[in-house]
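To start, the structure itself, in structure tokens.
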Amino acid sequence: MPFNYPDVGASTGEFPEGYEHHLHRIRLGRGHDTFNRAKDALEHWRQFDVDWAKAIPSDTSITIGSTVAIRVRFFGVWALAFDRIVDVHSESDGDQQRFGFSVGTLMDHPEQGEERFSIEIDDDGQVDYEVAAFFRPNTFAATIAWPYLHRRFNQFRDQSAEAMRRQVDSVELSQ
């Protein structure tokens, strides 16, 4: 399936006009162990481990061009939407490291746009997770349901941050 929006790859820079923008960032902890656990969680799509959304399969390769299904539950009904990875970044500069990727929406997705998932460790050893998106409705039905969908998609981005925190914390507790 092709992408359903014209601004493919725009999540690597300034988000384009004509979309809503959302950003959620949290501190996951400190140190390279925390960064590595968070990276592993991203590589296995654990940011989608919320009660009403799941990335399948969770072993989808984090490479440009890989497609993943996103299973979501709205109003008690499960649905699938598809995203494709448009960017992968992995950078290291001294003690600073950054890893993440962006996904873009495909034709039958209720949204148009991209989401960027990334983790970074700064010079002080602080590890942060960020999910950022630009998005708008894709279909007439999505436009009608937009007040609900908009709230739900932003709720996902916030819950995604908490899912990442749980992933990092659960590994620490099990050690």
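Overview of values
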| item | result |
| --- | --- |
| Only one of GLU120, GLU114 that is closer than 30 Å to TRP146 by Cβ and either surrounded by 13 or more Cβ atoms within 10 Å (Cβ to Cβ) or out of contact with any helix residue (DSSP H, G or I) (no Cβ under 9 Å at 6 or more places or on another chain) (or both) | GLU114 |
| Qualifying residues in the range 1-52 (those that are surrounded by fewer than 17 Cβ atoms within 10 Å (Cβ to Cβ) and among the small types (Gly, Ala, Ser)) - the one nearest to the chain's Cα centre (by Cα) | GLY9 |
| Filter pass, ALA163 being surrounded by 15 or more Cβ atoms within 10 Å (Cβ to Cβ) and in a helix (DSSP H, G or I) | yes |
| Qualifying residue in the range 59-68 (condition: of a type in the set (A, V, I, L, M, F, W, C) and part of a strand (DSSP E or B)) | yes |
| The range 131-175: number of residues that are among the hydroxyl-bearing types (Ser, Thr, Tyr) and modelled with pLDDT of 90 or more | 3 |
| THR67 being farther than 22 Å from HIS150 by Cα and open to solvent by less than 20 Å² (accessible area, probe 1.4 Å) | no |
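The values are calculated or read from the model by the stated rules, or taken from the named source; none is laboratory data. None of these values were measured; they are calculated from a predicted model. When we count neighbours, we look across all protein chains shown, and the Cβ atoms used for this are built from the backbone with ideal geometry, even at glycine. In case anyone asks, the SASA skips ligands and DNA or RNA and just uses the protein heavy atoms, side chains included. Shrake-Rupley method; radii C 1.70, N 1.55, O 1.52, S 1.80 Å.
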